[in-house]
Structure formats: C-alpha cells, structure tokens
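Q: Right, I'll just put the structure down here and ask away after.
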Amino acid sequence: INSGTTALFDMSAGGDFGGGKNISAGAQIKSLTYEDSVASFAKAHTYLNGGMVFARVSGDTFNLPENAAPQPGDRHWLVSMWLKIANYGAGTANSSNNQVFSFSTSNVNLLAGSMFGLAPITVEGASPSAITIYARGRQYVITAALAKLFDGQLHQLAVECLVSDDGTQQRVIVYLDQLNVFDSGWT
C-alpha cells in the first residue's frame, strides 16, 4: 500500500477497521489506506469465511466513499476486488439489474450514466447469458472471458482503463485471477 492507493477495504480486518464480524445496517468499514476513508453497508450482513455475505435482496449495497470511484477526468485507473459469487450471480432470476458493482450517475445500468460497472444477465441455475463491463459510457460484452467469475469460487477481478491525452479514445483491460482475459484495444 502506498500513498496513491485509495479505498482498500478488507471485510476480515477487525478491531478499529470494523470488519471480521456480523454487522448491522449502516455499519462502517474503515479503509486500510492512508486516506482514512470509510464505507458502509445498506443492510445487515453475516460474516463468513473471511467475507461478507450478500443475501441477494434489492438495495443490498456496500457504499464506497466518493474517492473510490474513477472520475471523468482520470486518464488511467485500475480497480481490483476479490469476489465469490454464488448462484451464478442471480439475485432475481432473468433480471438484467443484478449489478455486481457500479460507479454511476444513475441507479440502473444506463450506458450514458455509467462511469464503471459490471452487470450480468442472470439465468437461474446456469451461467449468466451475458456479462457486460460498462466503462466511461461504453459497454463491453465479455461473457466468455468472465464466465468463471460466477462459478461460486473466490476470484480476483481487476479492470484497468486508459484514456488518450485528448480524451477521444480509451482502452479497457480486464484481469481475472491475474490473467489478462480481455483487452479492448484503443477505441
């Protein structure tokens, strides 16, 4: 961790950091980084096997601080997270509003409002029929590249975005378990 790292949250970090236990709605988790930010849970959560269990209900969010989100003026950013997604990601069967994460100016997956997000189209009992990364108003359907993310195992997902100096092009690179699984090239 260096001074440029922001919003590093570890659900297993107990004590002063607030994790490592069952928590109530509104509970805060403190960042492990130098900028000392906090994030909060919208609903109560059970702590199990080093992580927080999301019960697949509407409005169940982990609300990050604003400095955690990539900003429109950023020219190069990388967001990394560890996820274990059960039930193939299905919160409500056949819904395209099962956001895995979203940094957005809107509360749904509207392309124009999405700074960065990931949303599957889930199918009860089967792998998602589509998996889309939203980045800076563009979408990348990369179902085959991210299918493994929904197998019920623990995975590291990282998404990197580079923006040209004139702001007209971007390149999105997706890593799953430290392997490059998608590169959009400059578009």
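Q: Among the lysines, which fall within straight-line cross-link reach of residue 148, defined as a Cα-Cα distance under 20 Å, with same-chain neighbours fewer than 8 residues apart omitted?
A: 84
Q: How much length would be gained if the chain were fully extended between residue 138 and residue 153, taking 0.36 nm per residue of separation minus their Cα-Cα distance, in nm to one decimal?
A: Separation in residues times 0.36 nm, less the Cα-Cα distance, equals 2.6 nm.
Q: Right, here's the next one. Give me the net charge of residue 99's neighbourhood, meaning all other residues with Cβ under 13 Å from the Cβ of residue 99; Lys, Arg count +1, Asp, Glu -1.
A: Details: positive: 56; negative: 60.
With Lys, Arg at +1 and Asp, Glu at -1, the net is 0.
Q: What size of dipole, in debye to the nearest 20, comes out for the chain about its Cα centre when the only charges are +1 on Lys and Arg C-beta atoms and -1 on Asp and Glu C-beta atoms?
A: Computed charge dipole of the chain: roughly 380 debye.
Q: Starting from the amide H of residue 181, placed 1.01 Å from N in the peptide plane, find each other amide H under 5 Å away whose residue is 5 or more places distant or on another chain.
A: Hits under the 5 Å cutoff: 174, 175, 176.
Q: I would also like to ask the following. Run the numbers on the chain and let me know its relative contact order in percent, using alpha-carbon pairs under 8 Å that are six or more apart.
A: Values: 417 pairs, mean separation 27.1, N = 187.
Result for the chain is 14 percent.
Q: Want the number for residue 36 to residue 71: 0.36 nm per residue separation, take away the alpha-carbon distance, what's left? If you can, show how the numbers build up before the last one.
A: On the way: separation 35, 0.36 × 35 = 12.60 nm, distance 1.90 nm.
Stretched out fully, the residue 36 to residue 71 stretch lengthens by 10.7 nm.
Q: Also: Can you give the FRET efficiency to the nearest 0.05 for residue 58 and residue 16, using r as the Cβ-Cβ distance and R₀ = 30 Å?
A: 0.45
Laboratory data are not the source of any read-out in this text; all were calculated from the coordinates shown. If you're wondering where the values come from, they're calculated on a predicted model, not measured in any experiment. Every residue, glycine among them, receives a Cβ derived from its backbone with ideal geometry; neighbour counts consider all protein chains shown.
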